[in-house]
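Below you'll find the structure, written out as structure tokens, and then a few comments.
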Amino acid sequence: MDQNGKLTIAAMGISIIFSSACSPDNAQNAKPAKSNTSNSSVQPQTQKGEQLYKQYCASCHPDGGNVSDPKNNLRKSTLKAKRINKPEDIIVIMRKPVSRMITFDASTISDEDARAIAEYVLEAF
């Protein structure tokens, strides 16, 4: 097999990995994060948001990017251009996405946890 054939096979493998990681089945099989309100005073909200982001979002949005649609990333400049300025704006998208993003309803991610993720996104990227 020549070098181009090997590269094509490697690219196909990477594509399959990303598409399966971002599939609705992966999100539906994810266990909802447990919200421990007694621990929330000890753990800063941004740290909680970061952990939840890693659990639910990072496979499709590594470092605030977007593996399936790079123009719809989570960078401040992109969000600002789309008038996404506050946590509620992000939560609306999580609950009713308008793109290829999977839906994260309240049974998957609680309102409190969705807000923690949204606040983390607005702060981190």
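The values are calculated or read from the model by the stated rules, or taken from the named source; none is laboratory data. Note that the structure is predicted; figures quoted are calculated from it, not measured. When we count neighbours, we look across all protein chains shown, and the Cβ atoms used for this are built from the backbone with ideal geometry, even at glycine.
Quick notes on this one:
- Among residues of region 87-107 that are within 16 Å of Y53 (Cα to Cα), those with a beta-carbon under 8 Å from a residue that is surrounded by fewer than 16 Cβ atoms within 10 Å (Cβ to Cβ) and hydroxyl-bearing (S, T, Y) at least six positions away or on a different chain give the pairs M94/T103; R95/T103; I102/S23.
- Residue match in region 109-117 (condition: under 21 Å from P70 (Cβ atoms) and assigned to a helix (DSSP H, G or I)): yes
- The C-beta contact set for region 48-64 (first residue part of a helix (DSSP H, G or I), second residue among the hydroxyl-bearing types (S, T, Y), distance under 7 angstrom, 6+ apart or interchain) comprises K48/S40; G49/Y120; E50/Y120; Y53/Y120.
Per-residue answers, yes or no, for (1) over 15 Å from A58 (Cα atoms); (2) aliphatic (A, V, I, L, M):
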residue: N72; (1), (2): no, no
residue: S77; (1), (2): yes, no
residue: A81; (1), (2): yes, yes
residue: D89; (1), (2): yes, no
residue: P97; (1), (2): yes, no
residue: F104; (1), (2): no, no
residue: D111; (1), (2): yes, no
residue: I117; (1), (2): no, yes
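- Region 110-125, residues that are modelled with pLDDT under 95 and not acidic (D, E): A124, F125
- Scanning region 89-102 for residues that are assigned to a loop (DSSP other than H, G, I, E, B), of a type in the set (V, I, T) and surrounded by 13 or more Cβ atoms within 10 Å (Cβ to Cβ) gives a single hit, I102.
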